[in-house]
Each structure stands twice: as structure tokens, then as C-alpha cells.
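Written out below as C-alpha cells is the structure these notes cover.
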Amino acid sequence: MRATFLTSAAAPSRHFSPATRRGRRVSLCFALVLAPLAFAAAPGGSVRVEVKDPSGTAVADAVASLMPLEATPAVTPPAEPVIIVQNDEDFQPYVTVIVVGTRVNFPNQDKVAHHVFSQAKAKSFEIPRYRGEPKETILFDQPGIVPLGCNIHDWMLAYVVVLATPHFAKSPASGAVTLTGLPVGRYRLDVWHPRVREMATREIAVSSTDAAMQVISVTLRPDKRIRRAPESGPGGYK
């Protein structure tokens, strides 16, 4: 069975100053090819997700997650904090995916100070101006999308995607991920990307032998990450 869904979405709200957001608005699309497959080495069903733009170019940093509809999934946060580094006056990685209850550490590897913050509904916090290791980690205890910024360097932008399911993957440069070991049943599929305001969502059925293909198309905006201000030094940031 093959189905196509078209969803329009505007650019994400950054929670930062509108004056820092510039650029010509040009829409583009990517297609997500979802093929539940059977893998002999992995129990349960599997779902393959391929993320591409209209020209066929792979799209990185898309987050695909599956929420079971027939049972509440158990999530186990990692024992150690997840690391989001500040390096070269940028957040690395750009998109981080975690489960509810995960702590995140924000080490600053730059010589300049940073002031990390978010005003997101899922997690509002700030780590005042610091260098090196922050005094404490941040607990992400609610699901949602959490944009990150720096009050000193306006161009710094990253996202934390907090999920209440253990079934997720972030697309690499190849644009393709495979979710394996899925219990048979019905799921809500969510697909999110930094250039989409809301997740694309639909229900799918997973079985160990299902080879049906489903296609979901959503509209993306151009990358809104702004160019850097002058480097450290006279007239710049320190």
C-alpha cells in the first residue's frame, strides 16, 4: 500500500531576537520513505526511514521516532550525562535526541565565555556566563523540542529533542536510518527536522513481515542559522 501526505510547515520559532533572523524565504521539500522490513538477526519488526530533498539529496539531522499506541513504552535514561559541547563558538552536535529523564552536560571548550539558555516550554533554563565545565548538569524531564542559544553569541543555535519512547533515530549524512527490534503493533510515527515548525505525524502498523512502503512529504524552509558576528578581539566578542 502506498500513501502520500503533504503538510505545509513554517520555520521554527527560535525564541531569540527576530532581528537575528534574516534570509530569503525559499521553500523546499524532502521525502521520507518508510519501509517496515524483516531482519533475521533482530526480533520484532523494523522500519527504514530515508530522508531526501526533491533533488534526491540526502537530508541529515531529521529525527524519526515511534510511539507505541497499545502500551506505554519504558524509557531508561543513560547513567552518564549526554554531552553537548561548545566549540569554535558553536554547539556540537546541532541536533541531540534523548529520552525523558536524561541529564545533559554543556562543557565550554572555547577560550571565550558562553551563557547557555532555552526558553522552551519543555525546558526553560540558563547557565550563566562561564568557561570550562558548568557547575551542574541540566535535567530534561519533559518531552518536547528545546532550542538552545547563547546570550553572548547570537549565532549559536542547536536543538535537544526529548522523547518519551526508546524507539528513535537521527538521520546521518546518508539520510537513512533503520529502527529495529520493534514489538509488533500500532505506532505513531513522528518525523521532525529543525526547519519544520511541527512534527509530521501518522499511524503505522509494524509486523515482522510487513514490506509496505509509505511516503510522507513535508515542506521545509531554508537553513535559518545566521552568520557569525566578528571574531574575538578589538570590536568583537570576548
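What to note about this one:
- At R0 = 22 Å, FRET efficiency that the Cβ-Cβ distance of Val85 and Asp223 yields, to 0.05: 0.60
- Measuring between their Cα centroids, region 80-121 and region 126-151 lie 6 Å from each other.
- With the highest mean first, a sort of the peptides 73-79, 117-123 on other beta-carbon atoms found within 10 angstrom per residue produces 117-123, 73-79.
- Between Phe125 and Trp155, the FRET efficiency from the beta-carbon distance, with R0 = 25 Å, is close to 0.80.
- Remark: region 82-162 carries a charge dipole of roughly 220 debye about the Cα centre, counting +1 on each Lys and Arg Cβ and -1 on each Asp and Glu Cβ.
- In this label model, Leu139 and Thr180 are separated by 3.5 nm, measuring between points 7 Å along each Cα→Cβ vector.
- Across region 163-191, the residues whose backbone nitrogen lies under 12 Å from the label position 7 Å along the beta-carbon direction of Ser207 are 184-186.
- Three-way shape label, region 82-162, alpha-carbon gyration tensor, a/c 1.5: prolate
No lab work stands behind these numbers, since they all come straight from the coordinates. Everything numeric here is computed off the predicted structure, so don't read it as measured data. Because the Cβ atoms are built from the backbone with ideal geometry, glycine has one as well, and the counts that use them run over all protein chains shown.
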